[in-house]
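The structure appears below as structure tokens.
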Amino acid sequence: MSAVQPLEHRIVKSRFALSDLVAEAFSGMLARPGRTMLTILGTVLGVVAVVATLGIAKTSGNQIVSRTDELSATSVSVSNRSEGGFRSPSNNVSSIPWDAEDRLTRLNGVVAAGTMTRVDTSGSLVSSVPINDPLGQSEFAIDVVATSPGLFEAVLSELSTGRYFDEGHSIRNEPVAVIGSGAATRLNVTRVDQQPAIFVGDTTLVVIGILDDVAREPSLINSVIIPNGTANALFGTGAPAEVHILTELGAAQLIGDQAAVALSPNEPETLRVSVPPEPRILKSGLQDDVNSQFLILGGISLLVGAIGIANVTLVSVLERVGEIGLRRATGARRRHIAAQFLAESAAMGLVGGIIGASLGVLVIVAVSAQRQWTPVLDLYVPLLAVPGGAVIGLIAGLYPSWRASSLEPVDALRGGT
Amino acid sequence: MSAVVELAGVGRTFAGSPPVEAVRDADLVVEEGGYVAIVGPSGSGKSTLLHILGCLDTPTSGSYRLRGIDVGGLSDGDRTSLRGAEVGFVFQAFHLLPYRSVIENVMTGLVYNRTPRRVRRERSRQALERVGLSHRLDFTPRQLSGGERQRVAVARAIAAQPSLLLCDEPTGNLDTRTTSAILDLFDELRTDGLTLMVITHEERVSQRAERRIEMIDGFLGEAESS
């Protein structure tokens, strides 16, 4: 045999490749699948609780805005504070200017605005083209309302046929009218292509459009609606009595604060502004309460889950003392042993996070399906839940892996199987 | 011939009251390809000596050179690397991973010493072939007999191609017939050039060795060769 030169004999540092670490972690975890599943159960439950709570809160919050409250949450109306107003017109001078619509639509957050004034027709009845029907009634007490063109959008009305009047009709005082579907039925007007005429007392108006539905101010369905200019010219209506504003979602409070000043900069206090009572605040307050309880519950399960992982990893360290000794004997350093057990507990947490996030999403979908809601979830919630689980596992593995790495190989080899 | 193991005045004292001198003033040189049995009653310090030889423990006095490297001067980490590269262990308890297959168990012996993954499987297969277990690669240790388990442990120890194979009561858990099989295997490994040191209190095991060293109360003494 050739002579060995001892001093040139270099020590090859032992190492534990990352791929080996991952492989060891997963095979350690999969060695006893039943136990692993029970171990990660706590983490799974915790992650499910957190993900589902956040998702359901988001989903239900979205529902409240989109369904129940959107109509009122975007509605602001302004009227005179004095006893004037829509229902009982008086001789009081209105503080609402003719150009209210222009002033308001310039405000950021206003989608549409329009004035609305009840026209005093001195008790005139409304009729369509006379039909000689001795049994039928041909004259009706129908409200006549003067509006600016923007009102139609502001009250979310829909046309069934014809068109709305515009600013030009108002400026030229044209005798045109848009009538509500209820009024149209009573007046027996079904189409507008022949320019049907109706009569308010002795005044003739041409019907250019019929409203189908009005989401706000449903009284318009039974009214005859004419342009402001026309109303003033024919009936001497005077300044507008009321303003309806459609705001963007969430802007109602702000517009409520600004509208009075915009309409009447000199005496904003003469105007009464009605804004929605923000039911969301009440509900979300309630929701937050429930949410925080669930989140606390989720946090507790996560803690219990972490303790479960720590416990089982510790038991597994004690069971595998022999294996630890053998690995130390075959060249594993302390940090390699620590890394192995840390990786194992982190892998358990990771799997717990994946399963928990998936189940949490399923819970959200199931609850939404049952309530017929659209499920809404911030994408980052389940995506963060997965590394979150891994971090919990990692933390849970700190003490057991420290214990494992601090075993002396001689002692470890003496025990174990 | 070059020395694999050189002990010069090695002592190992465990602190306590009174302190225990497990190994006293041990001098020993084992050449490459040697086959040494260490015999002695329980408590004579055999296991402590084996731990020192395997770099699992360090002497409190004297010097130990493994393949010329002074083990006493190494850090814990370097000692670990050295034993991973140079020493194979076979224990009375087999220390197999119960949930892994036979070949995976052997591959564990190669995880930490920079052997590429592909090479590991091949070398493990060769080692298992060497111990006559080619037909058991995908079994789990539970499905094997005691003798087969010990052969897996031997395969794991030799897969890393160590300079020194240390065996601590390798036949302690085996019956007579399987003991002979393991001893035959040791003879074969030795003819391949492996250096073997076996701790045993069984006469028939020590008789197969080239040298017998007796240990009594921590002192080493050459026993008459068989």
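The values are calculated or read from the model by the stated rules, or taken from the named source; none is laboratory data. Everything numeric in this text was worked out from a predicted model, so none of it was measured. Neighbour counts run over all protein chains shown; Cβ positions are idealised from the backbone, glycine included. Areas reflect the complete protein model, heavy atoms only, side chains present, ligands, DNA and RNA absent. Shrake-Rupley method; radii C 1.70, N 1.55, O 1.52, S 1.80 Å.
Here is how the numbers come out for the structure above:
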| quantity | calculated |
| --- | --- |
| Number of partner chain Cβ atoms within 10 Å, mean per residue of B:202-208 | 0 |
| Accessible heavy-atom area order of A:Lys13, B:Lys46, highest first, probe of 1.4 Å | A:Lys13, B:Lys46 |
| Nearest-10 value in Å² for the accessible area of B:Asp138, using the 1.4 Å probe | 120 Å² |
| Accessible-area composition of chain A, carbon plus sulfur, in percent [1.4 Å probe] | 59 percent |
| Positive-end residue, segment B:12-166 charge dipole about Cα centroid, Cβ charges, pick of B:Ala155, B:Leu165, B:Thr48 | B:Ala155 |
| Dipole in debye (nearest 20) - segment B:8-56, about Cα centre, beta carbon charges: Lys, Arg +1; Asp, Glu -1 | 240 debye |
| Cβ-placed point charges (K, R +1; D, E -1), dipole of segment A:70-277 about Cα centre in debye, nearest 20 | 160 debye |
| Cα lying deepest toward the dipole's positive end in segment A:70-277, options A:Gln195, A:Leu125, A:Thr147, charges on Cβ | A:Leu125 |
| Threshold 20 Å², segment B:47-73 residues less accessible with all protein chains present than alone (1.4 Å probe) | B:His51, B:Leu56, B:Arg67, B:Gly68, B:Ile69 |
| Tail fraction, Cα-Cα pairs, segment B:104-172, threshold 15 Å, whole percent | 49 percent |
| Equivalent ellipsoid dimensions for the protein assembly as shown as semi-axes, Å, which come from the Cα gyration tensor, largest first | 99, 23, 18 |
| Solvent-accessible area, 1.4 Å probe, carbon plus sulfur percent, for chain B | 46 percent |
| Anisotropy class of segment B:10-122 from Cα gyration tensor, a/c 1.5 cut | prolate |
| Mean Cβ neighbour count within 10 Å, used as a protection proxy, ranking A:381-388, A:291-298 highest first | A:381-388, A:291-298 |
| Most fluctuating residue given options B:Leu194, B:Leu166, B:Leu137, as computed from a GNM of chain B linking Cα atoms under 10 Å | B:Leu137 |
| Spacing of the two label points (7 Å from each Cα toward its C-beta) at A:Thr374 and A:Leu297, in nm | 2.8 nm |
| Loss of accessible area when A meets B, both sides summed, Å² nearest 100, probe 1.4 Å | 3400 Å² |
| Inter-part distance where segment A:24-63 and segment B:33-80 are each reduced to a Cα centre, Å | 49 Å |
| With all protein chains modelled, accessible area of A:Ser406 [1.4 Å, Å²] | 50 Å² |
| Modelled FRET efficiency - R0 30 Å, B:Tyr99 with B:Gln161, Cβ distances, 0.05 increments | 0.70 |
| Where chain B is the region considered: accessible area per residue in Å², 1.4 Å probe | 40 Å² |
| 1.4 Å probe, heavy atoms, protein only - residues of segment B:85-129 losing at least 30 Å² accessible area vs chain alone | B:Phe91, B:His95, B:Leu97, B:Tyr99, B:Arg100, B:Thr108, B:Val111, B:Tyr112, B:Arg114, B:Arg117 |
| Percent of C-alpha pairs per 5 Å bin, segment A:70-277, short to long | 1, 8, 16, 20, 20, 15, 10, 6, 3, 1, 1, 0 |
| Extension gain from A:Arg163 to A:Phe140, taking 0.36 nm per residue of separation minus the Cα-Cα distance | 5.9 nm |
| Accessible area (Å², per residue) of segment A:70-277, counting only protein heavy atoms and a probe of 1.4 Å | 47 Å² |
| Span-rule helices in chain A, defined as complete DSSP H runs reaching 18 Å or more along the axis (Cα) with Kyte mean at least 0.0 | A:18-31, A:33-63, A:279-319, A:334-371, A:380-405 |
| Global geometry of segment B:163-226, whether rounded, prolate or oblate, following the gyration tensor of its Cα atoms and the 1.5 cut on a/c | oblate |
| Ranking by accessible area, most exposed first, for A:Trp373, A:Trp98, A:Trp402 with a 1.4 Å probe | A:Trp402, A:Trp98, A:Trp373 |
| Global size of segment A:336-381 as Cα Rg and Dmax, reported in angstrom | 16.1, 52 |
| Solvent-accessible area of A:Met37 with every protein chain in place, 1.4 Å probe, in Å² to the nearest 10 | 100 Å² |
| Kirkwood Rh, angstrom, segment B:3-223 [1 / mean 1/r, Cα pairs] | 17.7 Å |
| Relative contact order for chain A, counting Cα pairs under 8 Å that sit 6 or more residues apart, in percent | 27 percent |
| Among A:Met348, B:Ser101, B:Leu174 - extreme Cα towards positive end, dipole of the protein assembly as shown, charges at beta-carbon | B:Leu174 |
| Only Lys, Arg (+1) and Asp, Glu (-1) charged, at Cβ; chain A dipole about Cα centre in debye | 3040 debye |
| Förster radius 56 Å - calculated FRET efficiency between B:Ser61 and A:Leu383 (Cβ-Cβ, nearest 0.05) | 0.40 |
| Helix B:76-86 axis, angle to chain B major axis (alpha carbon atoms, nearest 10°) | 60 degrees |
| Theoretical FRET efficiency, 1/(1+(r/R0)^6), r = Cβ-Cβ of A:Ala23 and B:Asn173, R0 41 Å, to 0.05 | 0.85 |
